[in-house]
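Q: First the structure, which I've put down as structure tokens, then a few questions once you've had a look.
The values are calculated or read from the model by the stated rules, or taken from the named source; none is laboratory data. It should be emphasised that the depicted structure is a prediction, and the values quoted were computed from it without experimental measurement. All Cβ positions, even for glycine, are placed from backbone atoms using ideal geometry, and neighbour counts span all protein chains on display. We work out accessible area using only protein heavy atoms, side chains counted, and drop any ligands, DNA or RNA first. Shrake-Rupley method; radii C 1.70, N 1.55, O 1.52, S 1.80 Å.
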Amino acid sequence: MVVHSAAERVLAGLDPEQRSAVTAPAGPVCILAGAGTGKTRAVTSRIAHRALTGDISARHVLAVTFTARAAAEMRARLSALGVGGVQARTFHAAALRQVRYFAPRLLEGRAMPELLDSKVRVVTLAAAKVGLRADRAAARDLAGEIEWAKSSLVEPGEYVVAAAKALRETPYEPAKVADVFAAYERLKRGNGVIDFEDMLRAAVWGIEEHADVAEQVRGQYRHLVVDEYQDVNPLQQRLLDAWLGGRDDLTVVGDASQTIYSFTGATSSYLVDFPRRYRGATVVRLVRDYRSTPQVVGLANAVIAQARGAEARLRLELHGQRPPGPEPDLRIFTDEPAEANAVAARCRALIDGGTPAREIAVLFRTNAQSEAYEKALTEAAVPYVVQGAERFFERPEVRQAMIALRAATRSIPGETPLPAAVVEGLAAVGWAPDTPPAGGAARERWEALAALVQLAEEYAATPEVVPIGEAVAIERPVTLGDFNEELARRAAQQHVPTVEGVTLASLHSAKGLEWDAVFLVGLAEGTLPTTYAKTPEQVEEERRLLYVGITRAREWLWLSYAAARSPGGRARRPSRFLPQLDRSGGGERAGAGATRRTERRRAQVVSCRICGATLLAGADRKLGRCPTCPSDLDEELYERLCEWRQRVAGAQKVPAYVVFTDATLTALAERKPGRTEELIAIAGIGPRKLGLYGDTVLALVAGAGVDEVCPQKSFEI
């Protein structure tokens, strides 16, 4: 009776879909769980319910996930539900535990090899063995390729063909990468060490090749649960199959629309194919989003609704369960500095309004984008922390570049234009303004140094004004020495440690996290999707990155892009993934009506008079400001305008809004036009209304009373 009562308590508060997942019969179960739908609650409740009803023993459950944080959360939730003894671990932790346990038996008394914390040092030595001089960034990219190959069950001799088939963008010519791969394996064996992929392979080998080990492992772990199943790679799936040994008591949880790590070897194909592999599997869809407001959920649905490819077959349409909130804020800025400054100002306003800094995040596509936001937040006195990466000026390549630029002041002529001088100085650290290199780490290094060149271009655009007399001044071009001082100042400001602050993070590192307020920035073609997304599959993964970013927001969401990287720079288009901002015709088609609205917007661009953002909504364009920017409403004038409108509407026997809408009156009371040209600049005041009411409105703005401009009989027909 007590057990039954405890099991019933587990079911209390679950929605119908979660309850279906929890009470599904033993056997293969696939839980397709959208962002914010309570997947962790569902899967831990399923384990607890089965244990409390006597269907399974908790000590026979192995639940695997991808981060130690997620595994710890699983254990904590199970404990709170009154269930202990479940092994909740990452794939690597579970494999390491098993390999260590069976090592005396498998290795016949030999010591277990040491586990490498990082491949980079051994990869650097391996590259040198085959005649490649790889710096740290290149070594990281080579290590990434080796990790992809081993996770994909590809041997050194198979690498060239496999890389071509997978359309890998390799850091070196594929045959050279294969040579480094082979040398790396030889060095490891010679030094008696293994890497993380070797450990997974050892766990597989121990089970597949040793019947006694297989019997013991499968006897211990009879019920398996896998979280984030869309992120499993072939090697991890091989280990999962070894654990199962042909059995099918398996529960998997995943969301194909959050597949964003395919470059590491992860594939959603196992999630997509689960119902075909396990005939008769129970498939449950969790679609009630408890994290985000309906407005945020609606935008997420609109973005992912245009997805194509295999993952789109399992696309979920989410239904927001929270009370309504503000509409997502869509902004366009003239350049990236203006975008960063506006974001910093809004962060400052949110914090001043009571939002904790830790509940705000600024998310971008690449880590190289962080510098502009680090600077803007610093200048706005907003504390911040960088998630998953070093601060811009703490990165090794940036520190090396600053040293090189200081040294360059002794060799580069003072009259050399600053941008050219910076490019010349960066040549000392191997940077050139040509096509960026292939490979993630090497490209990120190139982009970080390219950001220094962009800073130089912006800095050079503001010459120093030097006074030479009481009323005379000249503009002096900034020098490389001036720029070095500016970099030192920025580095000093941004090295101030912070305990709590606004989170700056890449979209990849933001997965699994959530905040009250989220800024998605840099949403321009070439950045998201990145120019390196060449195939349809790669473009679709970029779309899913945006989807992941949108679904991080609980309540307040800002999406923005800059029309140019720097002031006066080449124009860019908004990301094709934003239906509301689609001007190219190359992304989602919004229909003829939307196309006509877009053309009208293109014909007359209206900017916020306070922050400079391009205004898209009709009411915002009428006000001349963003809804979140501070109002400068003249309340006394607004009351006189309302009284005047009421008299006019009464005399004409029409509703008040026919004269002027509330938004138009608000715009008049905020902008206080003094001339006809300023009056007609307000959206909603066309030639007809200008002729009818223009002089009267200008008189009211100038201070006239309602009785002066509007005698009782003025508008009688």
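Q: How far is helix 635-652 tilted, in degrees, relative to the longest principal axis of the Cα atoms in the chain, given as a value from 0 to 90 rounded to the nearest 10?
A: 70
Q: Can you show me the helix-derived [θ] at 222 nm for the chain, built from DSSP H runs with n ≥ 4 at -39,500 (n - 2.57) apiece and divided by the number of residues, rounded to the nearest 500.
A: So the calculated ellipticity at 222 nm is -14500 deg cm²/dmol.
Q: Then there's this: Just going by the charge dipole of the chain, with Lys and Arg at +1 and Asp and Glu at -1 on Cβ, which of Ala163, Ala344, Gly686 is farthest out on the positive end?
A: Ala163
Q: Moving on to the next point. Using a 1.4 angstrom probe, figure out how much accessible area the range 125-180 has per residue, in square angstrom, rounded to the nearest whole.
A: The answer is 51 Å² per residue.
Q: Quick one: what are the phi-derived ³J(HN,Hα) couplings along the range 653-662, Karplus 6.51/-1.76/1.60 with θ = phi - 60°, whole Hz, x for glycine and proline?
A: In residue order, the calculated couplings are 6, 10, x, 4, 5, 5, 6, 8, 6, 4 Hz.
Q: Can you tell me which of 447-455, 99-107, 289-297 comes out highest on packing, and rank the rest after it, using the mean Cβ neighbours within 10 Å?
A: So the peptides 447-455, 99-107, 289-297, ranked by packing, come out 289-297, 447-455, 99-107.
Q: Further question on the same structure: If each residue of separation counts as 0.36 nm, what is the full-extension length gain between Leu244 and Arg186 once their alpha-carbon separation is subtracted?
A: Details: separation 58, 0.36 × 58 = 20.88 nm, distance 3.22 nm.
Taking Leu244 through Arg186 to full extension adds about 17.7 nm, to one decimal.
Q: Taking a cut-off of 22 Å between Cα atoms, list the lysines near Lys672, but don't count ones fewer than 8 places away on the same chain.
A: Reachable lysines: Lys622, Lys689.
Q: Further question: Which percent of the accessible heavy-atom area of the chain goes to carbon and sulfur, probe 1.4 angstrom?
A: Taking all protein chains in place, the chain shows 53 percent carbon and sulfur surface.
Q: In addition: Kindly express, to the nearest 10 degrees and within the range 0 to 90, the angle between helix 2-11's C-alpha long axis and the longest C-alpha principal axis of the chain.
A: Result, in degrees: 40.
Q: Cα to Cα, under 12 Å, and not fewer than 8 places away if on the same chain: which aspartates and glutamates meet these conditions relative to Lys653?
A: Glu716
Q: Tell me the angle of helix 480-494 to the major Cα principal axis of the chain, expressed in degrees between 0 and 90 and rounded to the nearest ten.
A: Approximately 70 degrees, to the nearest 10.
Q: Can you list the HN-Hα couplings for the range 174-184, worked out from phi with the Karplus curve (6.51, -1.76, 1.60; θ = phi - 60°), rounded to whole Hz and with x for Gly and Pro?
A: Rounded to whole hertz, the list is x, 5, 5, 4, 4, 5, 4, 4, 5, 5, 4.
Q: I'm spelling it out carefully: the read-out is Rg and Dmax of the Cα atoms in Å, the candidates are (i) 28.2, 98; (ii) 30.7, 108; (iii) 24.1, 74, and one was derived from this structure. Which label?
A: The value matching this structure is (ii).
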